[in-house]
Amino acid sequence: MSVDEEAISKRVTSVLETHLESDKDALEALKEISEFYTENTLECRRGLRTKIEKRSLALNENFLASFEKVKNAVNALHDNVNSLNTSVMSMSSQLKDTKTDTQNLIELTKRLQLERKSVSNQQLLANAYVKTFQLNSSEVACLRSNNVTPEFFTALRKTQNISNNCKVLMQAGHQTSALSLMEQISTYQQMAMDVLYRWSQLYCKDIESTVTGPLLVFAMEVLQDRPVLFKYVLEEYCTVRQSVVAQRFIDALAANSSNDTSLKTFSKDIRQYINNILSWLIDHVPIERKYLTYLLKNCDKLNVDEEISLCMSSITEGLCSPLASRVESVLHMNENPIDLYGVASSLKFYLQIVIKTVPSGQLCQTIEELHKTMECVFLNKLQNLVRDTLLERIEAPPLDLSPSPGIGHLLNILRQVLSVAAVTEDKQEDTSMIVSCVLEPLLQAINLSASRLTPLDMAVYHLNCLYDIHETLRQYQYVEDKLEKLQAQMAVQIEIVSTEQANYLVTHLNLEEIQTILQGHGANIPLSQIQGMEAENLINFLSKLESMLVMPHTVAVPQIGCLKNPLHLSKVRRQSNEVISAVYKQLYEHVHNPTNEYDNPSALMSRTPDLVYQLLVNDENPL
């Protein structure tokens, strides 16, 4: 192969191996050629080179024309910059000339500023001196005016500050000026105190006002430095408030203008009436304490609590007389001890509340005395009621041995009184006192009314009465000792009834002779050979016992059917049946003892003592 052919082969191979899809420049060139190379003919291929060269020449000519415009714009900018530079140089020259001319003016201005600062400092010092040691004309006018305003207290506080500043001035060595200023300020202070004292006495009645009230607080704060004036103002305040509170209380007792309701409306219900009166007190008395606390809230140089306590005692003194007259009138309006005890309890309850607001004074003493009086009257009325009821209503026990109606009436009264005592402060002491007042004479009356009964009837009647009393008391607290005594008395009566029932069973079962023989039997003679202990005689007892075992409740004294409490009835039957069971056990042991020579004892007494005990005693379980 020749050299030319080899070169052509390499070119062809190179063209074939070219990957146009990865050559971006080639692709862009081909894309550009495709815009004007639209036909692939021989003539077009021959003129392709010429077209490409012409197209390149046109592009260069366009670029040259565009660059010519840029060159012209740059030349114009250069001319403008040269003109601006000329102007700047001219201005710089003018500024240098102006700086030289104004240098002297600046120095003059600085000197004047220093002089102005010095004069201002002197003026500030003069103003500070006047402000620190002098009152202005408006402040002096406020202190001389009889009308106390917030500005008055501002001026008065300033006089105190000036007085303190004068002391410092005196310590600094300026005694003459300090003494002169102090004398002047003292005159202003005395004048202001006189004005404030007269104004406080005149307007202390307006503590409830939103305008005058805060001014009175400031006035008392200032007056605490003058104890005599402070005391006089407080006395005047107490006198005024005492009159106001007493009048409001009297008005409330007569008519209440706010809702057209009078406390007198409830006068028929004395407990409600007294409660409303006392409620009015605990509603309004704390308001007075609130006013006093507000009035003296800024007083930090005295014992405020002590002053409030003394003032409250004085203010509430006017309430004592109308309160006492109203409560004492209740004593003549009602004879019911329940209502009287309710009033006494209310007095005691509200007394504890009032003491928190008025720890001492005539009001607390009055309420306490009224409570003691009402309590004494209540006890007298209750004792009289108990005595009258016992005389009028406690009758001889009825045939069914149930408590007489008078006992139920007294127990109902006791329940009503104890229901009131349950909500009192000293409920334990009151409950014990009330129960003793009713219970002791009631028990005596029960014993007296049952004195003509037989022992069994008396025991059943006592049990029924004691049961009703016990059931009444067990609903309340603090009567445990009384309940224990009642339970002990009921246990004694249950024992009496049980003994009577046991005696009845012994008689019914023909056990008297058998029991007597068993108790006196010796070991020398067989029991079967003793008269009355023969097997035939025992069979009579055992047959009756069998009938009793089948229906044990049918064999009883009639009186135990009158017992109201099933538990008492069960105890009576249990205890009496225990006696029969013990006798049966003793007889069973003797019969089954070979030394007593009974024939076929197992057939004679087939039931074991345990079985009899089970049927007679264990089946009588308490309810």
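The values are calculated or read from the model by the stated rules, or taken from the named source; none is laboratory data. Everything quoted here is computed from the prediction, not taken from an experiment. Cβ sites come from the backbone with ideal geometry, for glycine too, and all protein chains shown count toward neighbours. Accessible surface areas use protein heavy atoms only, side chains included; no ligands, DNA or RNA. Shrake-Rupley method; radii C 1.70, N 1.55, O 1.52, S 1.80 Å.
Could you list, in sequence order, all residues of the stretch 355-366 that are closer than 11 Å to SER313 by Cα and part of a helix (DSSP H, G or I)? Result: ILE355, THR357, GLN362, LEU363, CYS364, GLN365. Scanning the stretch 558-582 for residues that are within 19 Å of LEU611 (Cβ to Cβ) and either of a type in the set (Asp, Glu) or surrounded by fewer than 22 Cβ atoms within 10 Å (Cβ to Cβ) (or both) yields a total of 5.
Conditions tested, residue by residue: (1) at pLDDT 70 or above; (2) charged (D, E, K, R); (3) surrounded by 10 or more Cβ atoms within 10 Å (Cβ to Cβ); (4) within 60 Å of the chain's Cα centre (by Cα).
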position: THR18; (1), (2), (3), (4): no, no, yes, no
position: LYS24; (1), (2), (3), (4): yes, yes, no, no
position: THR38; (1), (2), (3), (4): no, no, no, no
position: THR41; (1), (2), (3), (4): no, no, no, no
position: CYS44; (1), (2), (3), (4): yes, no, yes, no
position: ARG49; (1), (2), (3), (4): yes, yes, no, no
position: ILE52; (1), (2), (3), (4): yes, no, yes, no
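In this structure, does VAL358 turn out to be touching a residue at least 60 places away in the same chain (Cβ under 8 Å) and either surrounded by 19 or more Cβ atoms within 10 Å (Cβ to Cβ) or within 30 Å of GLU306 (Cα to Cα) (or both)? Considered against the rule, which asks whether it is touching a residue at least 60 places away in the same chain (Cβ under 8 Å) and either surrounded by 19 or more Cβ atoms within 10 Å (Cβ to Cβ) or within 30 Å of GLU306 (Cα to Cα) (or both), VAL358 comes out as yes.
Out of ILE308, ILE338, one residue alone is touching a residue at least 40 places away in the same chain (Cβ under 8 Å), assigned to a helix (DSSP H, G or I) and either in contact with a Lys or Arg (Cβ under 8 Å, 6 or more places away or on another chain) or more than 20 Å from LEU281 (Cα to Cα) (or both). It is ILE338.
Among the conditions (1) touching a residue at least 60 places away in the same chain (Cβ under 8 Å); (2) of a type in the set (Asp, Glu); (3) closer than 26 Å to GLN477 by Cβ; (4) open to solvent by 20 Å² or more (accessible area, probe 1.4 Å), the only one that GLU440 does not satisfy is (1). Mind checking which pairs have a first residue in the stretch 457-477 that is closer than 16 Å to SER419 by Cβ and open to solvent by less than 10 Å² (accessible area, probe 1.4 Å) and a second that is among the aliphatic types (A, V, I, L, M) and in a loop (DSSP other than H, G, I, E, B), Cβ under 9 Å, 6 or more apart or different chains? Every condition considered, the pairs that remain are LEU473/VAL479. Yes or no: ILE530 touching a Leu at 6+ places or on another chain (Cβ under 9 Å) and either open to solvent by less than 10 Å² (accessible area, probe 1.4 Å) or at pLDDT below 85 (or both)? Against the criterion (touching a Leu at 6+ places or on another chain (Cβ under 9 Å) and either open to solvent by less than 10 Å² (accessible area, probe 1.4 Å) or at pLDDT below 85 (or both)), ILE530 does not qualify.
With the condition kept exactly as written, say whether any residue in the stretch 504-524 is of a type in the set (Gly, Ala, Ser) and surrounded by 13 or more Cβ atoms within 10 Å (Cβ to Cβ). For the stretch 504-524, residues of a type in the set (Gly, Ala, Ser) and surrounded by 13 or more Cβ atoms within 10 Å (Cβ to Cβ): absent. Consider the stretch 395-437 and keep the residues that are in a loop (DSSP other than H, G, I, E, B) and free of Cβ contacts under 8 Å to residues at least 12 places away in the same chain. The one that is farthest from THR472 (Cα to Cα) is LEU399. Those residues that are open to solvent by 60 Å² or more (accessible area, probe 1.4 Å), of a type in the set (A, V, I, L, M, F, W, C) and modelled with pLDDT of 85 or more, I need them from the stretch 225-275; list them, please. VAL228, ILE250 - these are the residues of the stretch 225-275 that are open to solvent by 60 Å² or more (accessible area, probe 1.4 Å), of a type in the set (A, V, I, L, M, F, W, C) and modelled with pLDDT of 85 or more. Every listed requirement among (1) β-branched (Val, Ile, Thr); (2) more than 34 Å from the chain's Cα centre (by Cα); (3) more than 29 Å from SER137 (Cα to Cα) is met by ILE250 save one, (2).
For (1) farther than 20 Å from ASN524 by Cα; (2) open to solvent by less than 70 Å² (accessible area, probe 1.4 Å), each residue gets a yes or a no:
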residue: GLN586; (1), (2): no, yes
residue: GLU589; (1), (2): no, no
residue: THR595; (1), (2): no, no
residue: TYR598; (1), (2): no, yes
residue: SER606; (1), (2): yes, no
residue: PRO609; (1), (2): yes, yes
residue: TYR613; (1), (2): yes, no
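Just to be sure, is GLN475 at pLDDT below 90, closer than 21 Å to THR431 by Cα and out of contact with any Gly (no Cβ under 6 Å at 6 or more places or on another chain)? Walk me through how you get there before you give the answer.
Details: at pLDDT below 90: yes; closer than 21 Å to THR431 by Cα: yes; out of contact with any Gly (no Cβ under 6 Å at 6 or more places or on another chain): yes.
Taking the combined requirement at face value, the residue satisfies it.
So that you can scan it fast, the table gives a plain yes or no per residue for (1) open to solvent by less than 20 Å² (accessible area, probe 1.4 Å); (2) within 43 Å of the chain's Cα centre (by Cα); (3) among the hydroxyl-bearing types (Ser, Thr, Tyr); (4) modelled with pLDDT under 85:
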site	(1), (2), (3), (4)
ARG144	no, no, no, yes
GLY173	no, no, no, yes
LEU181	yes, no, no, yes
LEU223	yes, yes, no, no
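With respect to TYR350, determine if the residue is aromatic (Phe, Trp, Tyr), under 14 Å from GLU369 (Cα atoms) and in a helix (DSSP H, G or I).
Working: aromatic (Phe, Trp, Tyr): yes; under 14 Å from GLU369 (Cα atoms): yes; in a helix (DSSP H, G or I): yes.
The answer is yes for TYR350.
Applying the set (1) farther than 30 Å from SER419 by Cβ; (2) in contact (Cβ under 8 Å) with a residue 12 or more places away in the chain; (3) part of a helix (DSSP H, G or I) to MET533 leaves exactly one unmet item: (3).
Residues of the stretch 276-305 that are out of contact with any Ser or Thr (no Cβ under 8 Å at 6 or more places or on another chain), crowded, with 18+ Cβ neighbours inside 10 Å, assigned to a helix (DSSP H, G or I) and not hydroxyl-bearing (Ser, Thr, Tyr): ASN276, ILE277, TRP280, LEU281, LEU292, LEU295.
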